[in-house]
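Worksheet for the structure shown next.
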């Protein structure tokens with residue numbers, strides 16, 4: 001049973017527009033959420049995170065929004081650039097729970113066209 | 001190097017053979033994870049080591065899979081009697097604790 005779900009396997013956006021990647025989770029014990037980005041033949045790299053005490057975290061062009069009541073988070077990329085084309089993984093964990101592994105979604109492939 | 005190092009980068013084996021995949025985490029990182037990514041799939045959690053605690057093995061798909069972490073550093077993932085469905089990229093990651101993980105480039109396993 002998937003605890004972290006990314007229901008859109010792919011997303012295509014034009015350069016300069018906003019990219020919105022969505023993620024849903026089912027485990028109410030999750031309180032720390034992260035987004036990772038993965039290029040082909042490379043390991044995933046950390047992008048941005050958010051704690052459940054916040055509903056928004058911004059880092060440059062990247063903003064993550066958290067809606068705890070809906071158990072939903074989203075990653076916004078504005079403006080989107082061709083170099084943003086990659087697979088984006090949503091991940092969650094219980095930050096204060098020692099020994100809890102980071103659980104990933106299946107990923108969304110973002111394609112940004114110039 | 002400063003990052004997570006995995007070896008081999010590519011491994012082709014015959015069905016039924018045993019394989020070992022190695023991970024050298026970032027020095028000082030207490031947590032070490034193994035994930036795998038099968039074709040068209042996401043990152044599937046396999047096993048997690050945190051300090052001296054008993055590892056979380058809840059993600060291992062069968063008893064053919066095992067992992068060790070010696071001296072709190074290097075880890076080896078062993079797959080016995082490999083099957084074709086074991087073909088995947090096996091990713092290792094390390095961190096100070098739960099949270100931001102630093103991944104290696106992965107070991108691509110192909111079982112013929």
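Return the residues of the stretch B:26-55 that are touching a helix residue (DSSP H, G or I) at 6+ places or on another chain (Cβ under 9 Å) and outside any strand (DSSP E or B); say none if nothing qualifies. Matches in the stretch B:26-55: B:30, B:38, B:51, B:52.
Take residue A:31 and decide whether it is crowded, with 16+ Cβ neighbours inside 10 Å, more than 21 Å from residue B:91 (Cβ to Cβ), in contact with a strand residue (DSSP E or B) (Cβ under 9 Å, 6 or more places away or on another chain) and touching a residue at least 60 places away in the same chain (Cβ under 8 Å). In short, yes.
Of all the criteria given as (1) within 11 Å of chain B (Cβ to nearest Cβ); (2) assigned to a strand (DSSP E or B); (3) out of contact with any strand residue (DSSP E or B) (no Cβ under 7 Å at 6 or more places or on another chain), the one not satisfied by residue A:91 is (3). Among the numbered conditions (1) under 25 Å from residue A:87 (Cα atoms); (2) at pLDDT below 90; (3) more than 9 Å from every other protein chain (Cβ to nearest Cβ), the only one that residue B:98 does not meet is (3).
Restricting attention to the stretch B:56-69, the residues being surrounded by fewer than 13 Cβ atoms within 10 Å (Cβ to Cβ) and either at pLDDT below 90 or touching a helix residue (DSSP H, G or I) at 6+ places or on another chain (Cβ under 6 Å) (or both) number 1.
The values are calculated or read from the model by the stated rules, or taken from the named source; none is laboratory data. A quick note: this is a predicted structure, and the numbers were derived from the prediction, not measured. Glycine gets a Cβ as well: all are built from the backbone with ideal geometry, and neighbour counts include every protein chain shown.
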